[in-house]
Amino acid sequence: MKPEAFFDVAEGLLAVGCEASCRSAASRVYYSTFHVARDATEQVDLIDPPRGSHQLVRAKVGKRFGRRMQNTLRTMSARRNEADYDIDEPFGKDDAVQLIELRRLFLEELASRQNR
C-alpha cells in the first residue's frame with residue numbers, strides 16, 4: 001500500500017463533514033505524511049536514536065531535511081493526537097484542513113530537498 005491511500009481515505013472522510021469524520025481524516029492525513037517521511041529517511045543513521053517510531057522518524061527528518069520539516073511533522077503529530085484523544089475539545093473541518101495544508105507544505109519541501 002502507498003501512503004497516498006491514507007490521504008485518499010482522509011479526503012473521503014472530510015467530505016462526510018461530521019466531527020468524527022473530521023477527526024479521523026486528520027489522523028489519516030498525519031499517517032499519510034508520516035509514512036512518506038519514514039520512507040524518505042530510511043537510510044538515515046542516528047547515533048542515539050529516540051525510542052518510539054514517531055520520535056525516531058522526526059529525528060531522522062530533522063537530521064536529513066532540517067528543523068523546519070521536523071517541526072512541521074511534530075505539529076502534525078500533536079494535532080493528530082488532539083483529534084484522536086482530546087474528544088472533549090471541539091475539532092472540525094477547519095482543523096483537518098489545517099493538517100492537509102501542513103502535509104502539502106511538508107511534501108513540497110521534501111520534494112525540493114530530495115532534488116538537491
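Values quoted throughout were computed directly from the atomic coordinates according to the rules given, and no laboratory measurement underlies them. Predicted model only: the values in this text are computed from it and were never measured. Positions of Cβ are backbone-derived with ideal geometry, glycine not excepted, and every protein chain shown enters the neighbour counts.
For region 99-111, backbone phi angles converted through the Karplus equation (6.51, -1.76, 1.60; θ = phi - 60°) give residue-by-residue couplings of 5, 4, 5, 4, 4, 4, 4, 4, 5, 5, 5, 4, 4 Hz, Gly and Pro being listed as x.
Approximating the spin labels as points 7 Å out from Cα along Cα→Cβ, the Glu101-to-Asp8 distance works out to 2.7 nm. Projecting the Cα atoms of Met76, Leu13, Val97 onto the dipole axis of region 1-112, where Lys and Arg carry +1 and Asp and Glu carry -1 at the beta carbon, places Met76 farthest toward the positive end.
Computed from phi, the 3J(HN,Hα) profile of region 56-65 under the Karplus parametrisation 6.51, -1.76, 1.60 (θ = phi - 60°) reads 4, 5, 4, 5, 5, 4, x, 5, 7, 10 Hz, with x in place of Gly and Pro.
Per residue, the convex hull spanned by the alpha carbons of region 41-97 comes to 94 Å³. About its Cα centre, region 60-116 has a charge dipole of approximately 760 debye under the convention of +1 per Lys or Arg Cβ and -1 per Asp or Glu Cβ, with nothing else charged. So what's the net charge close to Lys2: Lys and Arg +1, Asp and Glu -1, counting the other residues with Cβ under 10 Å from its Cβ? Neighbour charge sum, excluding Lys2 itself: -3. The alpha carbons of the chain occupy a box of 43, 28, 25 Å along the principal axes, longest dimension given first. Given +1 on the Cβ of Lys and Arg, -1 on the Cβ of Asp and Glu, and no further charges, what dipole in debye does the chain carry about its Cα centre, rounded to the nearest 20? So the dipole magnitude of the chain works out to roughly 660 debye.
Our summary gives region 4-111 a relative contact order of 35 percent, counting only alpha carbon pairs under 8 angstrom and 6 or more residues apart. In order along region 19-27, the phi-based Karplus estimate (6.51 cos²θ - 1.76 cosθ + 1.60, θ = phi - 60°) of 3J(HN,Hα) comes to 4, 4, 6, 5, 5, 5, 4, 4, 5 Hz; Gly and Pro are listed as x.
Other residues whose C-beta falls under 10 angstrom from the C-beta of Val57 contribute a net charge of +1, scoring Lys and Arg +1 and Asp and Glu -1.
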